[in-house]
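The values are calculated or read from the model by the stated rules, or taken from the named source; none is laboratory data. What you see is a predicted model, and the numbers here were worked out from it, not measured in a lab. Quick reminder, even Gly has a Cβ in these numbers, built from the backbone with ideal geometry, and neighbours come from all protein chains shown. Note: accessible area is taken over every heavy atom of the protein model, side chains too, but ligands, DNA and RNA are not part of it. Shrake-Rupley method; radii C 1.70, N 1.55, O 1.52, S 1.80 Å.
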Amino acid sequence: MNNIPFITIMLTMVGSIAALLLGKKEKTAYMLMQVIFAVVAVLTFLLIPHFVREGGTVTYQLGHFPAPWGNELRFGLMESVLAFVFSAVMFLAVLGGKSGMKEDVQECKRNCYYSLLLLVLLSLLALIYTNDIFTAYVFIEINTVAACGIVMVRESGETLKATIKYLFMSLMASGLFLISIAMLYSVTGQLLIPSLNGAIAGLVSGGSYAWPLMTAAVLMTVSLGVKSAMFPFHTWLPDAHGTATTSSSSILSGVVVKGYIILLIKIYYRVFGIETIKNMGILNVVFWLGIVGMIVGSVLAIRERNLKRMIAYSSVAQIGYIYAGIGVGTVAALGAALFHMIVHAFTKPLLFSSAGGLIEASGHSKLIADMTGAGRRNKWAGAGFVIGTCSMVGVPFFAGFTSKVYLAMNAQDKGIIFLAALAISSCLNAIYYLPVALRIFSKAPEVATAQAENAAEESVPAISIACFSVINIALGVAGIVVITILAQGVQIL
Amino acid sequence: MNNLFNNYYELAAVILFVVGLLILLLQRNLIKKIIGLNIMDTSVFLFLAAKGYIAGRFSPIIRDGVTDASLYINPLPSGLVLTGIVVAVSTTAFALALALRWYQQYHTLDVDAAVLKNALKKGEQ
Amino acid sequence: MSLLSESGRETRQKFLDWVNADSFEIPQEIVFPPKPDDHHGHDDHGDGHGHDEHGHDEHGHEDHGHDDHGHDEHGHEEHGHEAHGHEEHAHEEHGHDEHGHDEHGHHEHLDPPCVPQPSREEVRKEQIAAANAKEEEERRERAEKVAAAVKAKEEAPKEPGVIRGYHITAIVCGVLLALILVVTVALLPQFGSDTAPAVNEVSTRYLEQGLTDTGAVNAVAAVILDYRAFDTLGESVVLFTATVTVIFLLKQFKRKGEGAVSMDDREHYEGMRSLPARVVFGITIPFILLYGIYVVVNGHLSPGGGFSGGTILGAAFVLTHLVFGERHTERFLTVDLCMKVMAAGLFVYIALKSYHVLTGANGMESAIPLGTAGSLFSAGLIFPLNICVGLIVACTIYSLYHLFTSWKA
């Protein structure tokens, strides 16, 4: 049972290498990838009841030597839930983007795409489970290169520009992360997270090396903020997520940015200790950047004419919610932020897959103006989009409503500001989502129906859209179950 | 401010880091941006390698079975630098491949000019 | 250098002259019985120095290469047939090449005709003329488009403020970051002091018990391949990821109907033209490979290891390709083979590492003996892991080099 995380990591690695070798047999590579996603999801799902019963965390030694000398993994309830969510989302997202993938990616190179997707899952699993910051750095690099790769699989001029922007900003952030690791190492001499925690606690109570510690924390925040599109550093996100192929956008928005946020949470809680971060004032800044991000993301989304870019801007807003939740500083708010992370991980791929279907039903035009009546042509995509909209806006019984309520309930002393920002943001969400939802179901002019794709071949994305919708409604209605599990998980942070 | 001039390796590394960062941000040529990225990464390796040094001690290859730890420098940062160099090579390779494709698409390596030209072409169409 | 430029025009003319030259000297002593339309270049067995002015002794090399692949008889006999027959079998000799590169197309153009055959020349002249005309047209169109865009850009109003603001923000942030980092450096522990926090029980144990725990004399190798082997596995995967993305971006499959080639392409396919270079490198490259293998294998005994040794091996492969050209190197070293070797290396690494971790994490003892310190077969798993890493790095370097140089716009 304890070997499961390591086995899943190794399995994904083997799968990605095998997918590259299967150059000619593209179908086999696709099946291999989906099978590995499914197996990883099932295996990590088995861990969840185990940890609910037993509680606590397991420290898994990677090799024959214990903590400060050898490497370790550490996992508990929170990590298992997140790993399960990520692998399930990736499985469904690839299903949802299958028709888009057929058009956007050349057939002879599709196995490289599958290999890159498996590498994304590998790096996410390793980031979730790692107990060492240098291992985290190495897997951040894998994630960066693989994520830029999956944007680039759709070879066009706009994805080229988007990939270059994303790559350079990400690599700059990686450089910052590495120099902060170097600084932390030079003042503490440790790389394993529990040992670092002990050493930093000692330094903070002794009052020495305060400035280097703060610099390291700030640089790590900036670096992971750039990679996960925190407010002032979000400029790469609309280009990258808006121009990529449907499955890539879903995976990027749904899980890749979340992996970095989880690493930042680990650094705040397990490396520095949340009290230290609060005393440095960083948490306050993160909170305000989250609030501003909520509002700015929605405002920028209103002006967009391109459907996918609009959904990408709305991702910026949702990530703002998560950072505001982290910025409050209490463990309960952290649980709410994690729940919102999971909800967003299921909702954004739903929206992107539906958008993919709608785009195909409108003659491959991404402009909203061309999508009149697309929901009638592709019923599954239309229904999925409406469900996603309800969740984003915050209609009761949908997942978005539950997560927003829970965030607002746990906002503690920053409650008023949070509630106000939530209210404004929900109104703004409605302003840009509802017109699209109405437009796709209105009567189409004759010219547009002539361009309609045959909806019969969309059965595979339909399955994915249906699954996401069901999960969304389930989280909305029965979200309290997941929330209690998460609350139990974060207590042990 | 006590160690500022004793830590000259780290000082040089940090200044190179900022130089590399500014090259990455301010240059318009893609290849020069990639060079700036490399300077940034290399400066971090200098920083890390300097962290391992202990004055008056030898490199960490055990000689004649003498395993007294006070004779050798710290081996851990050297391992970190090895890993870092390989990572930097990989990311540079990816960035250069993108630069080649960029040149194929826009026939220029100038980031601003390519964007402008593209916008103009779109306007013409 | 592109054929489309003005200076390229002279180069192309020189190349066409060489292609159409029919003034090869025929040596009187030939090893094989003369056939009326034999390739003279291939007859130069004993003579390493080719008789034609371009130093085509690589035909001599090519024959030896044919011997290895057992295509000898066919290769020679087919040269007796008409010239197009030769070209087809040139396809067959290299038929095992996986990407079916367009060098087959180039291969045709590169072999000089041995005996002037009017029909082939005329056909070739027509082809070249047609290709020239097409290129002229395309070049003119492209130049017009670019000129129009440049003119439009100059006439378009410049965007004020945006570029300036970004530059100022970047410079301000950079200076701020510099100040912060310099102050931090001033407050860090002193360089080279032995009371720094970094000199703690972690590094002490690596040095003192590294030899008994892992059996490796090189403490750095013990750290990266035994204590923290997971990081090294991650980094090998980063190399793999970068190769996957570069393959995706730059790999090109055979395209039909290639146009004429430039002199640069000829260097790419035939290698260096200077004889001293080929002879000297032909002698030294095996020693470089041997040195690389030595560095890889001695990773746990002395400074070295998989990464440095792998780089040396990769550099040797790159040198082979530079000196001897695509035609000779692709017989034993192709990107596909490199990818397969890299995959095999990664699989072996993963298998060994999984065994190591699963035994360690579950409290079982590892069955791998540590051997006596200082001998070659010691240090448990470090020795095979070094070899795997060396192969992975060498294959990555060669694949990246090959993908970059073979790519055509």
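Here is how the numbers come out for the structure above:
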{"read-out": "Among the residues listed as A:369, A:421, A:381, the single one being within 26 Å of residue A:331 (Cβ to Cβ), assigned to a helix (DSSP H, G or I) and either of a type outside the set (Lys, Arg) or open to solvent by less than 30 Å² (accessible area, probe 1.4 Å) (or both)", "value": "A:421"}
{"read-out": "Subset of the stretch B:18-47 [within 7 Å of chain C (Cβ to nearest Cβ), farther than 20 Å from residue B:97 by Cα and buried (at least 16 other Cβ atoms within 10 Å of the Cβ)]", "value": "B:18, B:21, B:22"}
{"read-out": "Filtered residues of the stretch A:149-162 (kept if farther than 18 Å from residue B:28 by Cβ and at the interface with chain C (Cβ under 10 Å from one of its Cβ atoms))", "value": "A:149, A:150, A:152, A:153, A:155"}
{"read-out": "Residues that are open to solvent by 50 Å² or more (accessible area, probe 1.4 Å), modelled with pLDDT under 75 and among the aliphatic types (A, V, I, L, M), drawn from the stretch B:84-122", "value": "B:115, B:116, B:119"}
{"read-out": "Test: residue in the stretch A:170-177 that is in a helix (DSSP H, G or I) and facing chain C (nearest Cβ under 10 Å)", "value": "yes"}
{"read-out": "Scan of the stretch C:273-287 for residues that are open to solvent by 60 Å² or more (accessible area, probe 1.4 Å), closer than 22 Å to residue C:406 by Cβ and among the aliphatic types (A, V, I, L, M), ordered by number", "value": "none"}
{"read-out": "Unmet criterion (only one of (1) surrounded by fewer than 17 Cβ atoms within 10 Å (Cβ to Cβ); (2) in contact (Cβ under 8 Å) with a residue 24 or more places away in the chain; (3) more than 10 Å from chain C (Cβ to nearest Cβ)) for residue A:37", "value": "(1)"}
{"read-out": "Checklist (1) away from chain B (no Cβ under 14 Å); (2) at negative phi applied to residue C:271, failing item", "value": "(2)"}
{"read-out": "Filtered residue count, the stretch C:162-196, keeping only those that are more than 41 Å from the chain's Cα centre (by Cα) and modelled with pLDDT under 80", "value": "7"}
{"read-out": "Residue count for the stretch C:334-350, restricted to those that are out of contact with any Leu (no Cβ under 9 Å at 6 or more places or on another chain) and either buried (at least 18 other Cβ atoms within 10 Å of the Cβ) or within 18 Å of residue C:245 (Cβ to Cβ) (or both)", "value": "3"}
{"read-out": "Positions within the stretch C:351-383 being without any contact (Cβ under 8 Å) to a residue 40 or more places away in the chain, away from chain A (no Cβ under 11 Å) and surrounded by 17 or more Cβ atoms within 10 Å (Cβ to Cβ), in sequence order", "value": "C:352"}
{"read-out": "Residue C:316 vs. criteria crowded, with 17+ Cβ neighbours inside 10 Å, in contact with a helix residue (DSSP H, G or I) (Cβ under 8 Å, 6 or more places away or on another chain) and within 14 Å of chain A (Cβ to nearest Cβ)", "value": "no"}
{"read-out": "Flag for residue A:312 being in contact with a helix residue (DSSP H, G or I) (Cβ under 9 Å, 6 or more places away or on another chain) and open to solvent by 10 Å² or more (accessible area, probe 1.4 Å)", "value": "no"}
{"read-out": "Residue check for residue A:164: closer than 29 Å to residue A:271 by Cα, among the aliphatic types (A, V, I, L, M) and out of contact with any His (no Cβ under 9 Å at 6 or more places or on another chain)", "value": "no"}
{"read-out": "Selection from the stretch A:99-116 of residues that are charged (D, E, K, R) and buried (at least 20 other Cβ atoms within 10 Å of the Cβ)", "value": "A:104, A:110"}
{"read-out": "For residue B:50: the one exception among (1) surrounded by fewer than 19 Cβ atoms within 10 Å (Cβ to Cβ); (2) more than 29 Å from residue A:163 (Cβ to Cβ); (3) of a type in the set (A, V, I, L, M, F, W, C)", "value": "(1)"}
{"read-out": "One residue from A:216, A:210, A:240 being small (Gly, Ala, Ser) and more than 18 Å from residue A:173 (Cα to Cα)", "value": "A:210"}
{"read-out": "Residue within the stretch C:210-227 that is at positive phi, open to solvent by less than 20 Å² (accessible area, probe 1.4 Å) and either in contact (Cβ under 8 Å) with a residue 24 or more places away in the chain or acidic (Asp, Glu) (or both) present", "value": "yes"}
{"read-out": "Any hit, the stretch C:253-261, residues being under 23 Å from the mean Cα position of the chain (by Cα), open to solvent by less than 40 Å² (accessible area, probe 1.4 Å), at pLDDT below 90 and not charged (D, E, K, R)", "value": "yes"}
